[in-house]
Amino acid sequence: MITRLSQKVSLFFVANKVIEQEDEQYYRYGLEVLISTSLSIISVIIISIITNRFFETLLYLAGFIPLRTVAGGYHAKTHLRCYLVLIFSYLIFLSIIFFLPLAAVMYLGYAAIVLATVLILVLAPIDDPNRPFTDDERQKFKKRSRLALLVYIAAAVAVSFLSLQLSLCVGLGMLTTGLALLASAIKNKILRSTVS
């Protein structure tokens, strides 16, 4: 559905001379990513409003999306799978926020930050067969992921002075990035072993 919609819009742009025919595939891909990402974010925001966890969700997304952009990690083969993986991850986050006993918040928050830090330092940046890095991108993303990690650790610790639960939200967002890296590393290893 997203692919067809993106193709129709990009072909409309070509027909109306907004873009050149030879650039149509790039615009189509960009539209696919924009529509898919927008649907995912809008769904998460709607769920956060319904569950009265909007601010916590913003911190989770802030701990996940920018860091994930520079660190790399798992990319689903289809937009639907990508959407479902994000919603599933978000629902796990919400379950933790709703059901974790208050006494365990500090421990899980710091554990999430430490585990995320280890995964990101060891694995980042990691590409995915659905989105491979060039050599230049790999070096650039390695530096950026480590710098971003330092900023996130500092932010999570600073937020913990205000609220341990809010720090947990940032930590779980960071951990989601770390787990996306781990999933991609496992997937790449399986793919390499089946090819050889």
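Run the numbers on the stretch 1-50 and let me know its relative contact order in percent, using alpha-carbon pairs under 8 Å that are six or more apart.
Values: 21 pairs, mean separation 19.7, N = 50.
For the stretch 1-50, the relative contact order is 39 percent.
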Revision key, fill the gap. Under the helix-only model (-39500 (n - 2.57) for each DSSP H run of 4 or more, divided by the residues of the chain), the mean residue ellipticity at 222 nm, to 500 deg cm²/dmol, is -29000 deg cm²/dmol
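Provide Rg over Rh for the stretch 1-50; use the alpha carbon set for both Rg and the Kirkwood Rh (inverse mean inverse pair distance). Don't skip to the answer; put the middle values down first.
Details: Rg = 13.6 Å, Rh = 11.7 Å.
Across the stretch 1-50, the Cα-based Rg/Rh ratio is 1.16.
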Practice item. Among the lysines, select those whose C-alpha is under 26 Å from the C-alpha of residue 143, and discard any that sit fewer than 8 residues away in the same chain. Key: 187, 189
Revision key, fill the gap. The residues 34, 162, 172, sorted from fewest to most surrounding Cβ atoms within 10 Å, come out as 162, 34, 172
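With a Förster radius of 35 Å, plug the Cβ-Cβ distance of residue 76 and residue 161 into 1/(1 + (r/R0)^6) and report the FRET value to the nearest 0.05.
Working: r = 37 Å, r/R0 = 1.05.
So the FRET efficiency works out to roughly 0.45.
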Review point. Using alpha carbons only, how many degrees (0 to 90, rounded to 10) separate the axis of helix 164-195 from the longest principal axis of the chain?
Key: 50
Revision key, fill the gap. Per-residue Cβ contact counts at 10 Å, fewest first, order 194, 78 as 194, 78
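How big is the charge dipole of the stretch 118-178 about its Cα centre, in debye rounded to the nearest 20, if each Lys and Arg gets +1 on its Cβ and each Asp and Glu gets -1 on its Cβ? Walk me through the intermediate numbers first.
Numbers: 7 positive and 5 negative charges, 33 e Å.
In debye, rounded to 20, the stretch 118-178 gives about 160.
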Study note, to complete from the structure: Nearest 10, in degrees from 0 to 90: the angle of helix 135-162 to the longest Cα principal axis of the chain is 40
Revision key, fill the gap. In nm, the gap between the two label points placed 7 Å beyond Cα toward Cβ at residue 50 and residue 121 is 4.0
Study note, to complete from the structure: Listing 177, 57 by rising number of other beta-carbon atoms within 10 angstrom, fewest first, gives 57, 177
Check your understanding: residue 91 versus residue 104, label points 7 Å from Cα toward the beta carbon: distance in nm?
Key -> 2.0
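What stretch of the chain, leaving out the sites themselves, is the longest with no trypsin sites (Lys or Arg not before Pro) in a DSSP loop having at most 12 other Cβ atoms within 10 Å?
Counting only loop sites that pass the neighbour cut-off, the longest clear stretch is 78-196.
Kirkwood Rh, the chain, all Cα pairs: how many Å?
On the way: mean 1/r = 0.0551 Å⁻¹.
For the chain, inverting the mean 1/r across all distinct Cα pairs yields 18.1 Å.
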Review point. Relative to the first principal axis of the alpha-carbon coordinates of the chain, what is the inclination of helix 79-99, with its axis defined by its Cα atoms, in degrees from 0 to 90 and to the nearest 10?
Key: 10
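Rounded, prolate or oblate for the stretch 48-118? Axes are the square roots of the Cα gyration tensor eigenvalues, ordered a ≥ b ≥ c, and the cut-off for rounded is a/c under 1.5.
On the way: a/c = 2.01, a/b = 1.28, b/c = 1.56.
Oblate is the answer for the stretch 48-118, as a/c is 1.5 or above yet b/c matches or exceeds a/b.
We did not get these values from a lab; they are worked out from the coordinates using the rules stated. All values derive from a computational prediction rather than experimental measurement. Neighbour counts run over all protein chains shown; Cβ positions are idealised from the backbone, glycine included.
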